Amino acid sequence: MDINSIFTLPIYRVVLIVMLVLAVFVFIALQRFRAGYGYLRNSKWGLEINNKVGWMIMEAPVFICMLWLFIYTKSYTNVAVTVMTILFLVHYFQRSFIFPLLIRGNSTIPVAIVIMSIIHNLVNVYMQGGWLFFPTIIKPQPYQTSWLWDPRFIIGSLIFLFGFYANLKSDYIVRHLRKSGDTRHYIPMGGMFKYVSSANYFGELVEWFGFAVLTWSPSGLVFFLFTFANLVPRSSALYDKYVEEFGDDFTKLHRKKCIPFIY
């Protein structure tokens, strides 16, 4: 099958619309149901596997497929597209092959979460790769070398890099909350945790908002909105969990849930 037959404008538009509709449903559903992994993990999600393995399985397909599409379409001949693709790939290389190896302990993640994440991530590859690499979807190609000094690209890249840093810093803080063998929970301190209880989610949101700006694309916007619908309700559930476990020790910090000074 010719892969170009999959990346057509009619199919692409349907995928974007479906993802927007799903974002609404996900946002509503997560108001009632807690995601079953990490600090909110519970046994209701069924079969589980090692957390490190699960993270690698669900994140690596994004990196591999995006890189393959980039090479297959010879998009490396376009400097601006190459730079934007590198930013995307750097994020997912870290999430696929570095972050899982840094996870401490022997925690687990539900297989159902892993499967849903793989599907979601592959759809994202279709959206971002379709927009960046396939002229059947975007004509004429707007990303000439001059795009690299367009204010949208510069501002979006700075936002993306700040979010990437905030995400890495937050993960580092969480990993070092306890020493080896300690199973107690602690309140994260430092970095963006000074302002929000879900600093890693904040970093992720900022990254994909930045990516939407630097690409100035409907695919980037849709993915940011889906990420927002997915992470903001989770940040609320995490906030409630902190209040439940730590009480006044947590609430006296006067943190927001996910967006500093706002929410």
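Which members of region 114-154 meet the condition of being aliphatic (A, V, I, L, M) and part of a loop (DSSP other than H, G, I, E, B)?
Applying the first criterion (aliphatic (A, V, I, L, M)) to region 114-154 yields 114-116, 118-119, 122-123, 125, 127, 132, 137-138, 148, 154.
137, 138 - these are the residues of region 114-154 that are aliphatic (A, V, I, L, M) and part of a loop (DSSP other than H, G, I, E, B).
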Could you list, in sequence order, all residues of region 89-128 that are over 21 Å from residue 207 (Cα atoms) and either of a type outside the set (A, V, I, L, M, F, W, C) or within 16 Å of the chain's Cα centre (by Cα) (or both)?
-> 104, 105, 106, 107, 108, 110, 113, 114, 115, 116
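Given the residues 238, 168, which is the only one that is touching a residue at least 40 places away in the same chain (Cβ under 8 Å) and over 30 Å from residue 151 (Cβ atoms)?
Numbers: 168 fails: over 30 Å from residue 151 (Cβ atoms).
Residue meeting the stated conditions: 238.
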Of all residues in region 27-58 being farther than 26 Å from residue 93 by Cβ and in a helix (DSSP H, G or I), the one that is modelled with the lowest pLDDT = 40
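The values are calculated or read from the model by the stated rules, or taken from the named source; none is laboratory data. Note that this is a predicted model, so its numbers are computed, not measured. Cβ sites come from the backbone with ideal geometry, for glycine too, and all protein chains shown count toward neighbours.
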